[in-house]
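Let me begin by presenting the structure, written as structure tokens, before commenting on it.
Since every read-out is calculated from the coordinates, none of them should be taken as a lab result. None of these values were measured; they are calculated from a predicted model. As a convention, Cβ positions derive from the backbone with ideal geometry for all residues, glycine included, and neighbour counts pool all protein chains shown.
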Amino acid sequence: MSPDHRSDALSSDTHPFLRAATAGLRHHMRALTVQTSVGESVPPADRHHLDSLHAHLTALHRLLDQIAERSRPERPASGRHLATAHARVWQAADAVHAAFHLLPTPSPGGSDCHPQRLPEGPLVLTICQRHLAASHAIRRTTTAADLAAPAS
């Protein structure tokens, strides 16, 4: 049997960690939806929330990069679409990183991202280091024109 014609039973057992990550995101979304529907005041996203979301996006970004690279030689059209998805996920991670730095911080100037020196505090250090690594990866494979192109 070719890999394209796997049974549903086999495909449901593949990639359990992706399924778990997706389930976690769905659970989080449902929890926010339930709080809103019962009239509870849901606080806006905080820095920890955006840091976690940024971690998911950059992990997805790396995964799409690997899948696109493996798909291009055998299936160029599919590889191109995956490369476009890779660029769009980068744009989402970049927007979340920017939003993180616009949220209030406990100390004045504590959320500034300074590539020439270490950022203030552990949370900012984590998101900025992660973002810097992702930006190096996107620059390796994507041009500025690719990032500016409208979604197709």
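Exactly which GluC sites (Glu not before Pro) in the range 23-113 are in a DSSP loop and have at most 12 other Cβ atoms within 10 Å?
On the way: sites: GLU40, GLU69, GLU74; in loops: GLU40, GLU74.
Filter output for the range 23-113: GLU40, GLU74.
Taking 0.36 nm per residue of sequence separation and subtracting the Cα-Cα distance, how much length would be gained by fully extending the chain between ARG88 and HIS49, in nm to one decimal?
Working: separation 39, 0.36 × 39 = 14.04 nm, distance 2.06 nm.
Result for the pair: 12.0 nm of gain on full extension.
Amide H to amide H, which residues 5 or more places from LEU103 or on other chains are under 5 Å from it, using H placed in the peptide plane?
Distant-sequence amide H within range of LEU103: zero hits.
What distance in nm lies between label points placed 7 Å from Cα along the C-beta direction at THR141 and GLU40?
For THR141 paired with GLU40, the spin-label model returns 3.9 nm.
Rounded to the nearest 0.05, what FRET efficiency is calculated for ARG62 and THR22 with R0 set to 25 Å and r the Cβ-Cβ distance? Intermediate values should be presented prior to the final figure.
On the way: r = 16 Å, r/R0 = 0.66.
The value I calculate is 0.95.
Within the set of other residues whose C-beta is less than 11 Å from the C-beta of VAL89, count the net charge using Lys and Arg as +1 and Asp and Glu as -1.
Within the 11 Å Cβ shell, the charges total 0.
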